[in-house]
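The values are calculated or read from the model by the stated rules, or taken from the named source; none is laboratory data. None of the values given here were measured: they were computed from a predicted structure. Virtual Cβ from ideal backbone geometry, glycine too; neighbours counted across all protein chains shown. Heavy atoms of the whole protein, side chains included, go into the accessibility calculation; ligands, DNA and RNA do not. Shrake-Rupley method; radii C 1.70, N 1.55, O 1.52, S 1.80 Å.
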Amino acid sequence: MNTVKLVAVFAENKPGQVARVAKILSDAGINIRCITVASSGAYGVMKLLVSQPELACRTLKQEGFAATLMDVIAVEMADKPGALHAVADCLFKSNVNVDNTSGFVANNRAVLVVEVHDVARASDVLQKQGLHVLTQDETLAI
């Protein structure tokens with residue numbers, strides 16, 4: 001099964017937190033490829049696709065952040081209207097709930113990063129529809 005590791009960082013919602021996390025990772029030689037930030041009141045979560053997820057998680061914990069690794073799916077899709085609908089509809093028709101998602105386009109390739117409860121099942125559903133579920137290495141190489 002192809003999965004991708006995201007680093008989830010829980011932090012107080014205050015000025016400078018993203019800069020602090022970015023500096024810690026930069027100082028450790030870790031490249032941030034994609035980031036999402038969501039907050040709810042006094043706290044929030046940053047989710048990062050990074051070059052070295054295990055090292056990033058360890059380093060952030062050593063610096064006092066609550067950090068964890070998450071298994072997610074990175075699915076390549078066409079960079080055209082309707083592509084997101086095709087992926088979302090495929091999951092819906094198999095009764096797979098999308099908990100969170102983000103996406104990016106780089107080097108003429110569109111990638112949707114999907115968080116679901118059952119990663120193996122969702123990956124299988126997508127692959128059976130002919131969609132390319134990327135490995136960690138493939139995702140970071142884009």
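Out of (1) in a strand (DSSP E or B); (2) open to solvent by 10 Å² or more (accessible area, probe 1.4 Å); (3) more than 30 Å from ASN13 (Cβ to Cβ), the odd one out for VAL133 is which?
(2)
Which residues, counting only those in the stretch 104-130, are open to solvent by less than 50 Å² (accessible area, probe 1.4 Å) and touching an Asp or Glu at 6+ places or on another chain (Cβ under 7 Å)?
The answer is ALA110, VAL111, GLU115, VAL116, VAL119.
Taking ALA74 as meeting all but one of (1) among the small types (Gly, Ala, Ser); (2) farther than 16 Å from VAL4 by Cβ; (3) in contact (Cβ under 8 Å) with a residue 60 or more places away in the chain, write down the number of the exception.
In the conditions (1) among the small types (Gly, Ala, Ser); (2) farther than 16 Å from VAL4 by Cβ; (3) in contact (Cβ under 8 Å) with a residue 60 or more places away in the chain, ALA74 misses (2) alone.
Just for helices (runs of 4 or more DSSP H) wholly inside the stretch 1-103: which have at least 2 residues that are among the basic types (Lys, Arg) and open to solvent by 40 Å² or more (accessible area, probe 1.4 Å)?
Hits in the stretch 1-103: 17-27, 53-62.
Being out of contact with any helix residue (DSSP H, G or I) (no Cβ under 8 Å at 6 or more places or on another chain) and in a loop (DSSP other than H, G, I, E, B) is the filter here, so list the residues in the stretch 104-118 that pass it.
If the condition is that a residue be out of contact with any helix residue (DSSP H, G or I) (no Cβ under 8 Å at 6 or more places or on another chain) and in a loop (DSSP other than H, G, I, E, B), then ASN107, ASN108, HIS117, ASP118 are the ones that fit.
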